[in-house]
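Note sheet for the following structure.
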Amino acid sequence: MNSDIENLIAKDQINDLNSRYCRALDWLDEVALCGVFWPDAPIDYGFFQGSAEAFVPLVMAMEKRAARRWHTTFNPVISVSGDAAQCESYGISHGYTERKDAVDRFYGGRYLDECLRRDGEWRISKRTYILDWVSESCVPFRQFTEGERPLNHLSVLSPNHPEYRLLR
């Protein structure tokens with residue numbers, strides 16, 4: 001029974017890595033993004049192949065160029081073996097740039113991860129991203145005016161947004 005519980009706890013902590021990855025990108029939190037990967041983790045996104053330590057500032061600079069961004073991961077399949085694990089999850093992300101030639105892009109793909117627990121902490125120790133599809137449009141993003149939409153609206157254009165809360 002104890003090993004089953006330990007396995008469930010490990011899977012939950014590994015699944016949380018992907019949620020923290022998405023949140024760090026969306027809120028432009030570079031420190032939080034560093035906490036998702038071991039610095040020496042090999043990362044392969046196709047356009048980038050190298051260490052997590054080099055990947056984090058690069059991807060954060062890319063995210064900062066987007067006027068809007070939204071990431072999510074789901075359907076993780078996680079296999080734990082002691083202090084090592086493999087995880088595959090699907091991901092969808094959205095990015096919008098506010099320029100004359102504004103582009104709205106949706107990406108769908110999967111993350112193939114290896115994770116290691118070091119000193120009781122799980123992090124991604126290797127990641128390969130596989131892009132399955134991209135959908136693009138040049139329809140300008142519509143900003144709602146005051147009173148037009150009864151929902152809160154959020155624009156994260158730089159780190160340290162006033163609505164951001166530390167949840168580490």
ask   = Can you name every residue in the stretch 69-87 that is exposed (fewer than 15 other Cβ atoms within 10 Å of the Cβ), in a strand (DSSP E or B) and in contact with a Leu (Cβ under 8 Å, 6 or more places away or on another chain)?
value = ALA84
key: Where a residue in the stretch 55-66 is within 14 Å of CYS34 (Cβ to Cβ) and of a type in the set (Phe, Trp, Tyr) and its partner, wherever it lies, is modelled with pLDDT of 95 or more and not in a helix (DSSP H, G or I), with Cβ under 8 Å and at least six apart   = PHE55/PHE37; PHE55/ILE43; PHE55/TYR45; PHE55/PHE48
The one condition in (1) closer than 30 Å to ASP4 by Cβ; (2) touching a helix residue (DSSP H, G or I) at 6+ places or on another chain (Cβ under 6 Å); (3) of a type outside the set (D, E, K, R) that LEU116 fails to fulfil = (2)
remark   = Restricting the stretch 119-154 to residues that are surrounded by 10 or more Cβ atoms within 10 Å (Cβ to Cβ), modelled with pLDDT under 95 and of a type in the set (Gly, Ala, Ser), the one nearest to the chain's Cα centre (by Cα) turns out to be SER135
query = Would you say GLY50 is of a type in the set (Gly, Ala, Ser) and touching a residue at least 12 places away in the same chain (Cβ under 8 Å)?
reply = no
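The values are calculated or read from the model by the stated rules, or taken from the named source; none is laboratory data. Fair warning: this is a prediction, and the values are worked out from it, not measured in the lab. Cβ atoms come from the backbone with ideal geometry, glycine included; neighbour counts cover every protein chain shown.
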